[in-house]
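Read-outs: derived from the displayed coordinates by stated rules, not from any lab. Here the structure is a predicted model, which means the values were calculated and not measured. Here the Cβ is made from the backbone with ideal geometry for all residues, glycine too, and neighbour counts use every protein chain on show.
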Amino acid sequence: MAKTLESRLEVLKTYKLYIGGQFPRTESGRYYIATNAKGEKLANVCLGSRKDFRDAVVAARGAFGGWSGRAAFNRGQILYRIAEMLEGRKAQFIDELMKQESTKVQAENEVNLCIDRLIYYSGWCDKFQQLFSAVNPVASSHFNFSVPEPTGVVAAIAPQNDSLLGLVSVIAPIIAGGNTCIILASHTKPLCAVTFAEVLNSSDLPGGVVNILTGKVSELVPFFADHMDVNATAYCEGDAVTQKMIKEKSSLNVKRVVLYDKVKWADATGQSPYFIMDFQEIKTTWHPIENIGGAKAGY
Amino acid sequence: MATKKSNTIKLKFDSARSLAPAPESKSAAKIDPQYELFINGKMEKPQSKKYFPTINPATEEKLSMIAEANGADVNKAVTAARNAYAKTWKKMPPAERAKYIYRIARMIQERAREFAIIETLDGGKPIRESRDFDVPTAANHFFYYAGWADKLEYAFPNRRTEPLGVAGQIIPWNFPLLMAAWKIAPALACGNTVVLKPAENTSLTALKLAEIIQEADLPPGVVNIITGAGATGAAIVNHPDINKIAFTGSTEVGKIIQRAIAGTNKKATLELGGKAANIIFDDAPLDQAVEGVINGIFFNQGHVCCAGSRLYVQESVFKEVVRKLKDRLETLIVGDPIDKNTDIGAINSKAQLDIINKYIKIGQQEGAEMYQSSCALPKKGFFCRPTIFTNVAQSNRIAQEEIFGPVLAIQSFRTDDEVIEKANNTPYGLSAGVWTDKGSKIFNMTTKLRAGVVWANTFNKFDPGSPFGGYKESGYGREGGVHGLNAYVNIV
């Protein structure tokens, strides 16, 4: 006979990494204990390692061709699908945010804002190119145009405080623009990040497009910045020493470095197509236009 | 597959009858025996009290003595730029800024012949190129960006722009005047002031530009041009009162700069090296493609960061293309850059010639098959025969490293996928070329090649309105076009 509700033993969730569309434990076997402000244990969380990061880069690089090659419209649909899935699991996120010291109202606001932000970037997927492209009126007889293209594999360290909103606000413009990424979740508030990975995994997002790690920022940041197959690094905290170190190591393969320490994610200024453009390259294409001698203008 | 009769007719150029010399008159160009630093609107003697010679690489004769700026000189130039920014340039109505820039454009046009001759004497490039490409394109660049000065609010949807402040700009020796224009024009249009350092081998046209800037009555300090070598460049990069570094040069130095400014808020644009793939499919108009390949690698002696230095030819036309290339190689006129018939001029410096020769040796040692034009080379000066290598492996150093000279590495391929993978298999990503008659194939290739500029059925074309810059280790930021404005503004 089933136990009564009061005495039923809760099933605890295992918080794992999200790499290449799979949920592996860290290869290092290490873990840390996430606690609330009172020091009460919330969960055992994977203490991700350099090897986990390198595995994630392989997954992200592997996913890049397919993701960047998809129709922009299709990427928009998948971002919309992520928002739908998040909406459906709202209660769980609110619950986790409250465990991580948010009030109910704050938690509800944050989750709502995340859903709306995903919808916002879903809409940009097939529009920002039109705003930031150009047909260039060159003087020679050539057709010439410039379009944005994704930079490639982005390694990002998520904001440490806005554990869900910051994570979503950094990931969305990166993938909306056709990049793939590895993102390190907030160390102190990792619960939502792992649950968000489950949302991504059920949203038609191909495995490897977003890879989410948990672990210690100071341990993993150097690897995020010096990996030779990463094209860009994003860092969201104001720590000057870390900023400098990221920029220095990024020079090894001329990574683009994007710093978001002054962004207020909950603000209206926390979203714009310029965040997408932070991880875009401009490609210019030339082709000759035939000039047939003697041809006259006419209709 | 239907057998196609391949074109086997060899181009006939009667080698017994060579062209008579047609040197451009040097009378239009006045070169002073000594040049000072251009700081705060005046020609200033260097505090270092040092000068270094600049030579004509085609004759090894000394042209002039150039001032060497030290740290104190750099500081003086930056201070002048800071004052001009705060007191004059930032506050000036944008439409007035525009008119100054237009004025510079016009004055370059007026003195175009003089600039072309000096560019050729100082740098070794054929007069035909400096006259028809470098100088007019430089003037056009000023003309193009002048017009942006009072229209910036249209360039960034839903945003305002602010100038950055003082820009430190370091340029290379391959297109001395043109690179100065690429750097100065957008910086001024966006409201910044400038400290520019030309490469030590090719300072003259930048200093001539300083004369124009003086003549144009640009407020003192808005543009400062200081000369010197690496140490002077480092002093600019490390100066604490500079807001922006714009650098064109090698990937090696670009990385050093990126690292050097890591602890600062300096913005940077880096336009670095390249190893462009030029790809010929079997349906391409082969004679046109061969001309494009020749232009792609031998334009400016191959001293071009976006040079098409790797050639990929589809297997079925490989032999034919290589034969046509060899034929065409024989017809190239290598020699005195000041001669209007010259196709390939002098290598810019002894040091660069040594690097090129080192790679030619490496190519042979690695087992590649070398073919060089049989042309005679002048007895004096730094010259290199146009060189192609076949039997090249993807891993060979001549297929991986930037040589920056007239040396082409040729490989074959069978399928589209194969050539995309080979073309992208490089840390660089500046440019690429595709030759095919099929439109859908062009767009497949141009979207899959990871490079900032892709030329389809053409190569090495440039325009002030066309953004230029790299992916990956070829740098970041764009120069040219509306996208080039981004490098010189804060978007707020």
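Beta bridges assigned by DSSP with both partners in the protein assembly as shown are antiparallel in approximately 40 percent of cases.
A Förster radius of 30 Å combined with the Cβ-Cβ distance from A:GLU87 to B:ILE491 puts the calculated FRET efficiency at roughly 0.40. Note on A:251-259: average number of Cβ atoms from other chains within 10 Å of each residue's Cβ is 5. Over the range B:277-456, the pair-distance histogram of Cα-Cα distances with 5 Å bins from zero comes to 1, 9, 18, 22, 21, 15, 8, 4, 1, 0 percent, rounded to whole numbers. In percent, rounded to a whole number, the relative contact order of the range B:378-492 is 18, using alpha-carbon pairs under 8 Å and six or more apart. In this structure the amide hydrogen of B:GLN169, modeled in the peptide plane, comes within under 5 Å of the amide hydrogens of B:VAL195, B:LEU196, B:LYS197, B:ALA246, none closer than 5 places in sequence on its chain.
GluC sites (Glu not before Pro) within the range A:204-299: which are DSSP loop residues with at most 12 other Cβ atoms inside 10 Å? Listed in order of number, the matching sites are A:GLU290.
Neighbour counts of C-beta atoms inside 10 Å place A:TYR121, A:TYR80 in the sequence A:TYR80, A:TYR121, starting with the fewest.
Taking 7 Å along the Cα-to-C-beta vector as the label spot, tell me the A:LEU131-A:LYS216 distance in nanometres, rounded to one decimal. Output for this residue pair reads 4.1 nm. Here B:LYS275, B:LYS255, A:LYS13 are placed in order of increasing Cβ neighbour count within 10 Å, fewest first, which gives A:LYS13, B:LYS255, B:LYS275.
Taken as Cα centroids, the range B:364-380 and the range A:261-289 sit 47 Å apart, rounded to the nearest whole angstrom. Centre-to-centre separation between the Cα atoms of the range B:198-212 and those of the range A:207-244: 42 Å. Where only DSSP H runs of four or more residues are counted, the protein assembly as shown gives -11500 deg cm²/dmol as its mean residue ellipticity at 222 nm, each run worth -39500 (n - 2.57). Quick check of the Kirkwood formula: for chain B, what is the inverse mean of 1/r over all pairs of different Cα atoms, in Å? Taking every pair of different Cα atoms in chain B, averaging 1/r and inverting gives 23.2 Å. Give me log10 I(q)/I(0) at q = 0.07 Å⁻¹ for the protein assembly as shown, Debye formula, one equal scatterer per alpha-carbon, no solvent. Result of the Debye calculation: -0.55.
Taking every alpha-carbon pair under 8 Å whose residues sit at least 6 apart, chain A reaches a relative contact order of 23 percent. Dimensions of chain A along the principal axes, based on C-alpha atoms and rounded to the nearest Å, stand at 93, 41, 34, largest first. Close amide-amide hydrogen proximity is noted between A:TRP265 and no other residue 5 or more places distant or on a separate chain, at a cut-off under 5 Å (H modeled in the peptide plane; Pro and chain starts excluded). Bridges between two residues of the range B:277-456, per DSSP, are antiparallel at a rate of about 15%.
Among the listed pairs B:LYS62/B:LYS380; A:LYS216/A:LYS264; B:LYS125/B:LYS472; A:LYS244/B:LYS275, those with a Cα-Cα distance over 20 Å are A:LYS216/A:LYS264; B:LYS125/B:LYS472; A:LYS244/B:LYS275. Computed over the range B:409-467, the range of Cα coordinates on each principal axis works out to 36, 28, 20 Å, biggest value leading. For the range B:425-448 versus the range B:23-68, the spacing of their alpha-carbon centroids is 42 Å. When only Cα pairs below 8 angstrom with a gap of at least 6 residues are kept, the range B:45-196 shows a relative contact order of 26 percent. Rounded to the nearest 0.05, the FRET efficiency derived from the C-beta distance between A:ALA266 and A:ASP204 at R0 = 35 Å is 0.80. Rounded to the nearest 0.05, the FRET efficiency derived from the C-beta distance between B:LEU377 and B:GLU61 at R0 = 25 Å is 0.90. Ranking of B:VAL166, A:VAL45 by neighbouring Cβ atoms within 10 Å, starting from the fewest: A:VAL45, B:VAL166. For A:THR233, the residues whose amide H sits under 5 Å from its own are A:ALA155, A:ARG256, A:VAL257, A:VAL258, ignoring neighbours fewer than 5 places away on the same chain, with H placed 1.01 Å from N.
Where both bridge residues fall in chain B, DSSP classifies roughly 35% of the beta bridges as antiparallel. Here the range B:206-227 is scanned for amide nitrogen atoms under 13 Å from the site 7 Å beyond the Cα of B:LYS42 along Cα-to-Cβ, giving B:220-221.
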